[in-house]
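Everything on this sheet refers to the single structure shown next.
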Amino acid sequence: MTRRWRRLELAATVAAILVFAALLGWALLRLVNVERAMHRAFGEDAAYALSQAQFELQELTRIAALGPAAELSGQFDIAVSRLVLLREGDLGSKLAALGFPGEAGRIEAALLKLEPLLVRQPGPELGAAFSTALSGPVENLRNMANTNVLSERNRLGQQRDAYRLTLYEIIACILGILLTGCFLVARLLHNLGRAEAADETLRQEKHFLHLLIESSKEGIVAFDKDLRCTHWNSAMAAIFRRPASEVVGADLRKAFPFPEDHVVSRMLRQTLAGEDFYMSEHLMPGTSMYLEKASFPVRSRGEVVGGVVIIRDVTVRALAQHELARHHEELEHQVEERTASLNHTQVQLRSAINTAPDGFAAFDADGRLIVANEVAAEMFKAEPGLFAPGTPLDSVLARTGFPQAGTLSAEERRAVELLRPQGVWLLASLNRAADGSSVLRFADVTTYKHAAAALQSALAQEQSLRQLYTGFVSMVSHQFRTPLAIIDSGAQRMQRRGATMTAGEIETRTGKIRHAAMRLARLVDNTLNAARLDAGEIDFHPRPCDLAQLISDVCERQQELTPHRRFDLALANLPERVSCDALLMDQALANLVSNAAKYSPDDQPIIVDAATDDRSVTLTVRDRGIGIPEDEIPRLFERFFRARTAAGIEGTGMGLHFAREIVHLHGGSISVSSRQGHGAAFTVTLPRERRTGV
């Protein structure tokens, strides 16, 4: 943006100069034209010539009439000369332009006709003759003079208008010259200020450069192409013990008279020849100081105009290098001694690795295998050549199944478990040392893996059981407390109002107490049966029994609890006797009928029907209640499980589980079909005769 602005400033300045020159030239040209117009004339004034000719003719007529005779001829010649003047030259052209072409010649001819009368003596007759002959020409001259006056007046008016327009043009040019001059003066002042600022910046930069060179810890000497010193900083003065006042301006060859073949003289010559030169560290003669020199040519527009020499005091570095060389020799001796010890240790290490129970493989910093023990080779005997010396680490990791360790940083460890064929588990660990080397270890953890899996399974089972029993205890506590509260509430009411209660109220209260007691008994039975099932101590005594009567008894007991419920029984197809444990089967069927009553409206019937074939008996308990969500049917017979549609309805989640276990104990099966909102049907299938071994 700055460069573009400067270009615009330059273009504006050049344009102003061109405009200034053009306006000045145009003004001068117009002034020259005015000057030429003012001095342009016909050589003689036409009005004056006409008036003189008229006067001379009138004077000739007067002399012809009055005399003297001696002047008549002279006056005639004067009049002729005046007419000749009007006829010839610019006056003739002027008269022709005024509309009187040849008029002066005609008047001259009329006058010349009177020349013979000049011999006569002046008198009235001669005067009358001249007056008669010249009265017309005199009048013509008067008209010509008047016409000329009018023409001159018009010409002068036009000339004044032209001069006025020219004056306006010159004034406009002067204003333009003034404006462009002001702009150029402003640009000049601006550029002078900029030049002064640039000079100040240059002085500051020069001063800063001087400070920079003086503050350098390195010795710096600058010289021109004649090897005269132009700068000698304080570091040079400290190194060579010579102040700048002795060296600046002097010829370096005289200030430091080195031989022509000396390396310093050669350095100066090559620098002026345009080449860089470097002198490595060397001891300064007569001192304990080590110096390092470098020289560079200084160029201006591609031409070498001088050079710069930089001298560094590297005494500390040189002494450190000498000390380092001495230590290096000592270290070489120590390395030889320790190498022998290391070789011995390496032999012992190889022996220890080969006798270790785990597999080991060591890799260098480049990831190449150094050594691997026999155990590692045996673990991966299906991969021949896997642990050959020089094998890349990435190849070993890929063939053993170990994840790539490209992002493994120094002193980091990574361990993974690898499953090998025949179910062998290996714990593989990769350790990377600070020097980049790596150690890969394989440990057979199959036994520990199996033990851990068994322990994890046992812990998961124990945790699951703990959660189940915790939930069960909480739920059973609530379920037990509810019927007890009903019994207690009814008993207290009867105690307070026993004498005043009607028979109907007593029957209602006792019915509620009995219902609560039966519910409590069923909870106790379910709880005890669940405990017996877990302990494997439940008594199972199957014998022939009347299954139809058993179902009828279950439904009657349930109807006592829900007197408004209707039960539809279709049991005619049942055989007279079915082998079962009547007590356990009663509890299982009671759970099914109780659930049907709990999860369906009071005005909907409970349907129990039966079917029989040669080998089995099938019982189905149907209701038209809330039903079971389809996704929860597979879990319906799990212990303590309750469907989400049963929320807010009493229950422990053990009844169906117990019913299934009882049915299985009889060698039968139980299934359910349901659709949410359309009720459920539980089907129990029992063998007609108890199977042996069940």
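A short reminder: the numbers here are calculations on the coordinates, not readings from a lab. The shown structure was predicted, so the numbers you read here are calculated from the model rather than taken from an experiment. Here the Cβ positions follow ideal geometry from the backbone for every residue, glycine too, while neighbour counts run over all protein chains shown.
Things worth noting here:
- Neighbour counting of Cβ atoms within 10 Å sorts the residues ASP313, ASP261, ASP623, fewest neighbours leading, into ASP261, ASP313, ASP623.
- Which label in (1) 3, 13, 21, 24, 20, 12, 5, 1, 0, 0; (2) 3, 12, 18, 21, 15, 11, 9, 6, 4, 2, 0; (3) 2, 8, 8, 6, 5, 6, 7, 6, 5, 5, 7, 8, 7, 5, 4, 4, 4, 3, 2, 1, 0 gives the computed P(r) over Cα pairs in 10 Å bins from 0, in percent: (3)
- Each stretch of four or more DSSP H residues adds -39500 (n - 2.57); spread over every residue of the chain, this sum gives -20000 deg cm²/dmol at 222 nm.
- Amide H to amide H distances under 5 Å link HIS666 with no residue, where only residues 5 or more positions off or on other chains count and H is placed in the peptide plane.
- Helix 582-598 and the long axis of the chain differ in direction by around 40°, with both axes built from C-alpha atoms.
- Here the dipole of the range 353-440 is about 200 debye; that uses its Cα centre as origin and unit charges on the Cβ of Lys and Arg (positive) and Asp and Glu (negative).
- Remark: the range 292-305, residue by residue, has Karplus-estimated 3J(HN,Hα) of 9, 10, 8, 10, 9, x, 10, 10, 9, 6, x, 10, 6, 10 Hz, where x stands for each Gly or Pro and the curve is 6.51 cos²θ - 1.76 cosθ + 1.60 at θ = phi - 60°.
- Length available on full extension from SER288 to LEU212: 0.36 nm per residue minus the Cα-Cα distance, which gives 24.6 nm.
- Normalising the average separation of contacting C-alpha pairs (under 8 angstrom, six or more residues apart) by the number of residues puts the relative contact order of the chain at 6 percent.
- Of SER300, SER600, the sequence from fewest to most neighbouring Cβ atoms within 10 angstrom is SER300, SER600.
- Least to most buried among ASP581, ASP631 (fewest other Cβ within 10 Å first): ASP631, ASP581
- Counting only aspartates and glutamates at least 8 places from LYS94 when in the same chain, those with an alpha carbon closer than 19 Å to its own are GLU44, ASP45, GLU103, GLU108, GLU139, GLU152.
- Rounded to the nearest 10 degrees, the angle from helix 2-39 to the longest Cα principal axis of the chain is 20 degrees.
- Here the chain carries DSSP beta bridges of which approximately 95% are antiparallel, counting only pairs with both residues inside.
- Two-site label geometry, MET279 and ARG317: point separation in nm, points 7 Å out along Cα→Cβ: 1.6 nm
- Partners for LYS293 among aspartates and glutamates (Cα-Cα distance below 20 Å; same-chain residues under 8 apart left out): GLU214, GLU218, ASP224, ASP251, GLU260, ASP261, GLU275, ASP276, GLU281, ASP313
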